[in-house]
Structure formats: C-alpha cells, structure tokens
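The values are calculated or read from the model by the stated rules, or taken from the named source; none is laboratory data. As the structure is a prediction and not an experimental result, all values here were calculated from the model. Backbone-built Cβ (ideal geometry, glycine too); neighbour counts: all protein chains shown. With ligands, DNA and RNA removed, areas are computed over all heavy atoms of the protein, side chains included. Shrake-Rupley method; radii C 1.70, N 1.55, O 1.52, S 1.80 Å.
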Amino acid sequence: MGELTVQNLADKTLNVAPGQTVLAALQAAGVGWMHACGGKGRCTSCRMIIKAGEENLAPLTAPEIRFRENGRLKPNARLTCQTQITGPVTCRVPEQTKLPHLSYSD
C-alpha cells in the first residue's frame with residue numbers, strides 16, 4: 001500500500017491501494033483534483049509535482065513518456081491518472097492546475 005501526502009493541500013495524506021492510480025485514490029477520498037480528459041492520460045492537467053519518494057513510483061507509462069518527450073511533463077512531474085505508488089510519496093499541486101474552490105497553502 002502506498003501513502004500519498006499532498007503538501008499544499010492542507011498536508012492531505014491518503015492511502016493508495018496496490019494497482020490503484022493516484023487519481024482513483026484521490027477521487028475515492030473525495031479530494032478534488034483537476035483532470036480535464038477524465039483520467040485517460042490524454043492531457044497533463046492532473047499532474048503532480050513529486051517532492052519526495054520518487055523511488056516508490058511505478059515506471060512511467062506510455063502517455064507520460066510521450067509528454068516528457070514533447071516537453072509537456074517535467075522530470076519531477078507525474079500524471080495522477082497514470083501513476084501507481086508502492087510506498088510513501090510527497091507531492092504538490094502545480095500552480096497551473098489548482099482548483100479555484102479549494103484552499104491551498106504555499
């Protein structure tokens with residue numbers, strides 16, 4: 001089981017089950033997160049910035065590799081709709097994809 005902490009969202013921490021994407025875990029916990037394409041890996045709106053625990057991330061998926069190659073996904077970013085985790089991971093919501101109805105810290 002993985003554990004995800006979102007630093008700038010009230011230090012929200014949630015469990016991510018094996019085989020579950022980060023986005024699915026966020027949705028199951030009722031945490032609002034931008035995902036314009038519906039979580040299908042067709043955009044980068046659901047990205048998260050990895051701050052710690054990169055070693056606990058599953059390998060990049062084909063959509064993530066494609067977005068990295070065309071410069072739309074930075075090395076420290078992953079797509080929540082594609083990423084599975086196996087241990088503790090700390091991330092942040094990027095400024096560009098913050099939802100207007102939620103309160104974020106710096």
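Table: residues versus (1) on the phi > 0 side of the Ramachandran plot; (2) open to solvent by 60 Å² or more (accessible area, probe 1.4 Å); (3) touching a strand residue (DSSP E or B) at 6+ places or on another chain (Cβ under 6 Å).
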{"residue": "Lys12", "(1), (2), (3)": "no, yes, yes"}
{"residue": "Ala36", "(1), (2), (3)": "no, yes, no"}
{"residue": "Glu54", "(1), (2), (3)": "no, yes, no"}
{"residue": "Glu64", "(1), (2), (3)": "no, no, yes"}
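Which pairs do you get when a residue that is on the phi < 0 side of the Ramachandran plot and assigned to a helix (DSSP H, G or I), found in region 87-106, comes within reach of a residue that is open to solvent by less than 100 Å² (accessible area, probe 1.4 Å) and not aromatic (Phe, Trp, Tyr), reach meaning Cβ atoms under 6 angstrom, with the pair 6+ apart or on two chains?
Close Cβ pairs satisfying both conditions: Thr97/Met34; Thr97/Ser45.
Which of the residues spanning region 5-50 are within 14 Å of Pro63 (Cβ to Cβ) and in a strand (DSSP E or B)?
Once the filter is applied, which keeps residues that are within 14 Å of Pro63 (Cβ to Cβ) and in a strand (DSSP E or B), region 5-50 yields only Arg47.
Name every residue in region 64-78 that is part of a loop (DSSP other than H, G, I, E, B) and over 16 Å from Glu54 (Cα atoms), in order of residue number. Spell out how you get there, then give the answer.
Going through region 64-78, the residues part of a loop (DSSP other than H, G, I, E, B) turn out to be 70-76.
Listed by number, the residues that qualify are Asn70, Gly71, Arg72.
Tell me, yes or no, whether region 39-52 has at least one residue that is open to solvent by less than 10 Å² (accessible area, probe 1.4 Å), more than 14 Å from Gly2 (Cα to Cα) and in contact with an Asp or Glu (Cβ under 9 Å, 6 or more places away or on another chain).
The initial filter retains those residues of region 39-52 that are open to solvent by less than 10 Å² (accessible area, probe 1.4 Å), namely 41, 46, 48.
Filter once more, so that each one left must be more than 14 Å from Gly2 (Cα to Cα): 41, 46, 48.
Retained after the next criterion (residues that are in contact with an Asp or Glu (Cβ under 9 Å, 6 or more places away or on another chain)): 41.
Yes, region 39-52 contains a residue that is open to solvent by less than 10 Å² (accessible area, probe 1.4 Å), more than 14 Å from Gly2 (Cα to Cα) and in contact with an Asp or Glu (Cβ under 9 Å, 6 or more places away or on another chain).
Quickly run through region 14-34 and pick out the residues that are farther than 20 Å from Asn76 by Cβ and open to solvent by 40 Å² or more (accessible area, probe 1.4 Å).
Within region 14-34, Asn15, Pro18, Gly19, Gln20, Gln27, Ala28, Ala29, Gly30 meet the criteria.
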